[in-house]
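Everything below concerns the one structure shown next.
The values are calculated or read from the model by the stated rules, or taken from the named source; none is laboratory data. In this text the structure is predicted, and so the values were computed from the model without any measurement. Backbone-built Cβ (ideal geometry, glycine too); neighbour counts: all protein chains shown. Areas reflect the complete protein model, heavy atoms only, side chains present, ligands, DNA and RNA absent. Shrake-Rupley method; radii C 1.70, N 1.55, O 1.52, S 1.80 Å.
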Amino acid sequence: MTETSTLTSEQTSSKNQGKTLCLILGDQLSKDISSLQYAKDNGIAKGSIIVLMAEVAAEAQYVKHHKKKIAFLFSAMRHFAQQLKEQGYTVEYCQYEQGLKSLKAAVEYAQSRYELGEIVVTEPGEYRLKAEFEGWQNDVDLPVKLCTDQRFLTDTSFFAQWAKGRKQLRMEYFYREMRKRHHVLMEDGEPVGGQWNFDKSNRQALPEDIDITAPKIFTPDSISQEVMALVEKEFADHFGALEPFYFAVTREQALQVLDEFIENRLPWFGDYQDAMSEQDPWLFHSHISFYLNCGLLNPQEVIDLAEHAYHIGHARINAVEGFIRQVLGWREYVRGLYWHLMPDYAQNNALNAKRDLPEFFWTAKTEMNCLKHCVQNTIDNAYAHHIQRLMVLGNFMLLAGIEPKQVNEWYLLVYADAYEWVELPNVSGMILFADGGILASKPYAASGSYIHKMSNYCQSCHYNVKEKQGATACPFNYLYWNFIFEHQSMLSKNPRMNLVIRNAQKTSNDKREQIKRDSQIFFKALASGETV
Ligand code: FAD
Ligand code: DLZ
Ligand code: SF4
């Protein structure tokens, strides 16, 4: 039975004689979405349901999403609406050209066309929208029922319960709880393979001669082509390359992407999870976050397929555990953390970072080869894999002290899988340490040697990763120590930083001064718009 809460006052529920309006958002494209399920559970016939889906300016523009992200979601929404119609639903689909400004305007439009008794919607993925729905009670004069989103393995109250009384909210312990609770990779109450986590076996660089299958891509059909023309016209000034457009836009296609991953990539996912390559932005990752997050795929089916691949001997435990940890662990954990700590979480800036986002994050015009490639991949694909997001782009933003609000906005608009529930904890918690250590036990700060070890970016870089000081030294090298010195008193309270702090303390004054000077020169060049 779908759990709901009614946001409107009891008096208005007496109106409940008209049709049920099921509002389905752009990231709720699942045939068993709880708003539709609610109608089924309550015996409401299809003929008494109006499904409302709307392409609206407020959602498409609250940040200037990547062109591919808008094209992907609008096309997936239109395909989903078509399938619902084929199943016999009455679907009121408002295309962007209709000029509706907001979801509320879409609801009011539906009210003008139908005699409605109630509005039902599955809880949204972003706090701002939940707050907006709560405000509707004063405006639309209908009961608004908010259904729990059942497309996750846990609901948000489970996280709150788990977090209660804990000093630290570490993902690893949440993940173990999830493995036990959902019986994933468990044998007689113990983790399969004898340990919970095979992260240490997941850190290999890519061999030069390795063969990687090309990712599954799709030719745009007429619906996608129509949407692409719309995006080119209406969102011309948005970030990113629209073409080539190759995303899956239906569940059937998304399942093909998933199958291709399980078949060809999962066996290598563990070994090369952290690797990066100038030649290949996709590597052995699954490329399913777009589809999971908008509802075309379900996390349970993804976990089941991966676990099955282990049991039939198709993939080893380090690969399967490594992958399942991302979906069952990280994905569920960040969502729980988000709803547990919002709205305050969005305001965090524990390191008091104030610098503006450099221009090259929009253009890829930088001499730093790693950043150039990671930004260019982002422009081309609305995708970069986890280590690119974390250890190149994010690492730079952390070391350079970029203001969290600007960083969050960038990550939210550039990736086709980005919604605030998943983007914000990864940015403010994982990369920026802006939450002061709620998510991460220490900042993910690294010098150029990490990037050198895990990629081939340094081989053709203008800078030299082996040099620590001066004009041709890798900027990550001095920026790393500059960051440590700047935050030394805070970091020295963290036992996981002991070794680094001891090294910092041993650094001579001359060397410190040089690091400071190099960093100041770098930041000055950055601020004056020079290509760095
Ligand atoms: P794979 O590497 O194949 O991983 C499998 C799946 O695990 C992903 O599809 C995703 O659903 C899940 N997953 C993996 N890592 C995480 C994580 N840290 N948090 C949540 N889920 C995870 N992921 C998003 O879905 N949306 C975002 O907006 C987003 N923003 C990020 C911002 C930063 C700064 C960082 C460091 C990470 C971010 N991630 C985000 C997490 C991760 O980078 C992406 O999920 C992943 O790169 C998607 O590619 P994939 O499907 O090939 O993932
Ligand atoms: C991301 C997005 C975009 C670009 N456009 C729409 C839209 O026009 N209509 C819609 O219903 N949803 C859209 N979305 C997804 C929403 O922004 C998403 O539902 C919220 O951010 C909550 O996660
Ligand atoms: Fe990046 Fe430094 Fe390597 Fe250049 S040398 S690619 S800036 S890590």
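Within the range 239-262, residues that are farther than 19 Å from N293 by Cβ reach no partner that is surrounded by fewer than 17 Cβ atoms within 10 Å (Cβ to Cβ) and modelled with pLDDT under 95 with beta carbons closer than 9 Å at six or more positions or on different chains.
Among the conditions (1) surrounded by 14 or more Cβ atoms within 10 Å (Cβ to Cβ); (2) farther than 21 Å from Y310 by Cβ, the only one that K164 does not satisfy is (1). Looking at K40, is it surrounded by 21 or more Cβ atoms within 10 Å (Cβ to Cβ) and either touching a residue at least 12 places away in the same chain (Cβ under 8 Å) or of a type in the set (K, R) (or both)? The answer is no for K40. Is it true that some residue in the range 254-270 is of a type outside the set (V, I, T), within 22 Å of Q326 (Cα to Cα), outside any helix (DSSP H, G or I) and at pLDDT below 95? So far as the range 254-270 goes, yes, one or more of its residues are of a type outside the set (V, I, T), within 22 Å of Q326 (Cα to Cα), outside any helix (DSSP H, G or I) and at pLDDT below 95. Filtering Q273, Q347 for residues that are buried (at least 21 other Cβ atoms within 10 Å of the Cβ) and within 21 Å of P425 (Cα to Cα) leaves a single hit, Q273.
Regarding the range 57-66, can at least one residue be identified that is more than 30 Å from P244 (Cα to Cα), touching a residue at least 12 places away in the same chain (Cβ under 8 Å), within 11 Å of ligand 2 (Cβ to nearest atom) and open to solvent by less than 10 Å² (accessible area, probe 1.4 Å)? No, the range 57-66 contains no residue that is more than 30 Å from P244 (Cα to Cα), touching a residue at least 12 places away in the same chain (Cβ under 8 Å), within 11 Å of ligand 2 (Cβ to nearest atom) and open to solvent by less than 10 Å² (accessible area, probe 1.4 Å).
Condition check ((1) crowded, with 18+ Cβ neighbours inside 10 Å; (2) within 22 Å of V63 (Cα to Cα); (3) of a type outside the set (D, E)) across all residues:
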| position | (1), (2), (3) |
| --- | --- |
| R355 | no, yes, yes |
| W362 | no, yes, yes |
| T366 | yes, no, yes |
| L390 | yes, yes, yes |
| L393 | yes, yes, yes |
| W410 | yes, yes, yes |
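On the given criteria, is D274 among the charged types (D, E, K, R), in a loop (DSSP other than H, G, I, E, B) and touching a Lys or Arg at 6+ places or on another chain (Cβ under 6 Å)? The answer is yes for D274. Counted as qualifying within the range 305-378 are the helices (runs of 4 or more DSSP H) with 3 or more residues that are within 16 Å of ligand 2 (Cβ to nearest atom), namely 332-341. Only helices (runs of 4 or more DSSP H) whose full extent lies in the range 417-532 are considered here, and the ones with at least 3 residues that are within 16 Å of ligand 3 (Cβ to nearest atom) and crowded, with 20+ Cβ neighbours inside 10 Å are 448-454, 475-486, 509-527. Inclusion of V392 among residues that are within 27 Å of L129 (Cβ to Cβ), away from ligand 2 (no atom under 16 Å from the Cβ), assigned to a helix (DSSP H, G or I) and in contact (Cβ under 8 Å) with a residue 24 or more places away in the chain is not warranted. Scan the range 343-367 for residues that are on the phi > 0 side of the Ramachandran plot and either in contact (Cβ under 8 Å) with a residue 60 or more places away in the chain or not hydrophobic (A, V, I, L, M, F, W, C) (or both) and the total you get is 1. Selection within the range 67-99: residues that are open to solvent by 30 Å² or more (accessible area, probe 1.4 Å) and among the charged types (D, E, K, R). The member of this set that is nearest to ligand 3 (Cβ to nearest atom) is E97. The set of residues in the range 425-458 being in contact with a His (Cβ under 9 Å, 6 or more places away or on another chain) and farther than 30 Å from L337 by Cβ consists of Y457, C458.
Take the conditions basic (K, R) and either farther than 21 Å from A382 by Cα or in contact with a helix residue (DSSP H, G or I) (Cβ under 6 Å, 6 or more places away or on another chain) (or both) and apply them to K405. Does it pass? The answer is no for K405.
Might you check whether a residue that is at pLDDT 95 or above, in contact with an Asp or Glu (Cβ under 7 Å, 6 or more places away or on another chain) and basic (K, R) occurs anywhere in the range 215-231? So far as the range 215-231 goes, yes, one or more of its residues are at pLDDT 95 or above, in contact with an Asp or Glu (Cβ under 7 Å, 6 or more places away or on another chain) and basic (K, R). Of the set (1) within 16 Å of ligand 1 (Cβ to nearest atom); (2) modelled with pLDDT under 95; (3) at positive phi, all apply to G529 but (1). Hey, does the range 180-201 have a residue that's open to solvent by 20 Å² or more (accessible area, probe 1.4 Å), within 30 Å of L21 (Cα to Cα) and aliphatic (A, V, I, L, M)? No. Summed over the range 174-197, residues that are assigned to a loop (DSSP other than H, G, I, E, B) and of a type in the set (G, A, S) total 1.
Tally time: how many residues in the range 83-117 are of a type outside the set (A, V, I, L, M, F, W, C) and touching a Gly at 6+ places or on another chain (Cβ under 8 Å)?
Going through the range 83-117 one residue at a time, the tally reaches 4.
Applying the criterion of being among the polar types (S, T, N, Q) and over 23 Å from the mean Cα position of the chain (by Cα) to the residues of the range 40-68, the residue that is farthest from A106 (Cα to Cα) is N42.
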